[in-house]
Amino acid sequence: MGRGTFASIGSPLRTRRNIILSRTLPAVPRTVPDADGTTIEIHASLEAAMEAASAEAVLYIIGGESVFRQTAERADELLLTRVEDDSDGDAVFPMDEASLERWFERTAEERGAGMTFTSYRRRAGG
């Protein structure tokens, strides 16, 4: 996640590895896990973060917009939540619907209270 996303959440996501990208915060190597397995680390570049996480089977990119822009075309799968609201958010996913459909196929969609959760898988050759 980007520094702004981390700041907006206010604390690390519990029970998981939190990798933060920041050009302004000092680099921090992976911390020792606390009692529930939570760790934090800070990297100055996407390349450094990807190298640090190279042994992970699955990575979840949770934003913000700059991180989405740097990673969307590398993804094998997308799990998108669309909030059906005219909120004052300042970050958007970098692909419009036409781009999504060109590179990914929709595999599932579920509508909930004020949101839609959609899964996509990269098309063969995409």
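Quick note: the coordinates plus some simple rules give every number you see, no bench work behind them. This is a predicted model, so every value here is computed, not measured. Virtual Cβ from ideal backbone geometry, glycine too; neighbours counted across all protein chains shown.
Of note:
- The ellipsoid equivalent to the alpha-carbon distribution of segment 75-126 has semi-axes of 22, 14, 8 angstrom, derived from the gyration tensor eigenvalues as √(5λ) and listed largest first.
- J(HN,Hα) series, segment 2-8, from Karplus relation 6.51 cos²θ - 1.76 cosθ + 1.60, nearest Hz, glycine and proline x: x, 4, x, 5, 4, 5, 5
- For the chain, share of DSSP beta bridges that run antiparallel, in % to the nearest 5: 75
- 3J(HN,Hα) from dihedral phi, segment 57-68, Karplus parametrisation 6.51/-1.76/1.60, rounded to Hz, x for glycine, proline: 6, 9, 10, 10, 9, 10, x, x, 4, 4, 5, 4
- Hz values of 3J(HN,Hα) by residue in segment 12-20 - Karplus curve (6.51, -1.76, 1.60), Gly and Pro given as x: x, 6, 5, 6, 8, 7, 10, 10, 10
- Mean separation of Cα contacts under 8 Å, 6 or more apart, over the residue count of segment 75-126: relative contact order %: 49
- For segment 10-25 versus segment 106-126, the gap between their alpha-carbon centres in whole angstrom: 26
- Interchain or long-range residues, amide H under 5 Å from residue 104's placed H: 123
- Since only 125, 108, 75 are under comparison, the one whose Cα sits farthest along the positive direction of the charge dipole of segment 75-126, derived from C-beta charges on Lys, Arg, Asp and Glu, is 125.
- Shape of the chain, Cα gyration tensor, a/c cut at 1.5: prolate
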